[in-house]
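> Here it is, the structure in full.
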Amino acid sequence: MRGAGGTSGGLGHFFIGLIMMCGGFYMLLNAITVTSSFGMGMRLYGFSAGGGSFNVTSGMIMIPFIFGVGLIFYNSKNILGWVLSIGSITALIFGVISSIRFSFRTMSSFDLIVILVLAVGGLGLFLRSLKTLDQKYPD
């Protein structure tokens, strides 16, 4: 009988490793807190020139978008309207993504060790099950 992935690695190692890996990575990702400070007055990008600085806020990004949409509705074949609209939306998406902060919640060292053993140990068992094992049969 063939094991996981058509190899002789073993179905038991495959499923135990898969369960451990899923549980460990679930617990690891569950311990991460994601926050954002995005708002219409938030600074998305900053430029400095000549000793002064210029900040681009998310509300400023919407101004070229509005002009772009107006140009598209006036003439849908207007390339400038499409460039303004798509460029503004792209800048807004990148600004939102760059404002995201990740932090790890407080936990004991035992909790972290359990999470890492489950995640990495399960990954090791999972990958081991996909490897062909040399089985030596006695004569």
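> For the range 27-40, how many residues meet the condition of being open to solvent by 70 Å² or more (accessible area, probe 1.4 Å) and either modelled with pLDDT under 75 or farther than 16 Å from residue 98 by Cα (or both)?
Counting residues in the range 27-40 that are open to solvent by 70 Å² or more (accessible area, probe 1.4 Å) and either modelled with pLDDT under 75 or farther than 16 Å from residue 98 by Cα (or both) gives 5.
> From the list 18, 80, 29, which residue is without any contact (Cβ under 8 Å) to a residue 60 or more places away in the chain and touching a helix residue (DSSP H, G or I) at 6+ places or on another chain (Cβ under 8 Å)?
Matching residue, one of 18, 80, 29: 80.
> Same structure again: Kindly check whether there is at least one residue in the range 70-80 that is modelled with pLDDT of 80 or more, touching a Pro at 6+ places or on another chain (Cβ under 8 Å) and part of a helix (DSSP H, G or I).
No, that holds for no residue.
> I've got another one for you. What pairs come out if I take residues in the range 100-123 that are β-branched (Val, Ile, Thr) and pair them with residues that are part of a helix (DSSP H, G or I) whose C-beta lies under 7 Å away, six or more apart or interchain?
Within 7 Å, the pairs are 115/24; 115/27; 115/28.
> Tally time: how many residues in the range 85-124 are at pLDDT below 90 and of a type in the set (A, V, I, L, M)?
Of the residues in the range 85-124, 6 are at pLDDT below 90 and of a type in the set (A, V, I, L, M).
> Only one of these conditions is not met by residue 107: (1) open to solvent by less than 50 Å² (accessible area, probe 1.4 Å); (2) assigned to a loop (DSSP other than H, G, I, E, B); (3) over 30 Å from residue 20 (Cα atoms). Which number is it?
(3)
> Spot the failing condition for residue 73; the list is (1) surrounded by fewer than 14 Cβ atoms within 10 Å (Cβ to Cβ); (2) under 30 Å from residue 36 (Cβ atoms), and only one is missed.
Every condition holds for residue 73 apart from (2).
The values are calculated or read from the model by the stated rules, or taken from the named source; none is laboratory data. These numbers were taken from a predicted model, which means no experiment stands behind them. Cβ sites come from the backbone with ideal geometry, for glycine too, and all protein chains shown count toward neighbours. Keep in mind that these areas ignore ligands, DNA and RNA; they rest on the heavy atoms of the full protein, side chains included. Shrake-Rupley method; radii C 1.70, N 1.55, O 1.52, S 1.80 Å.
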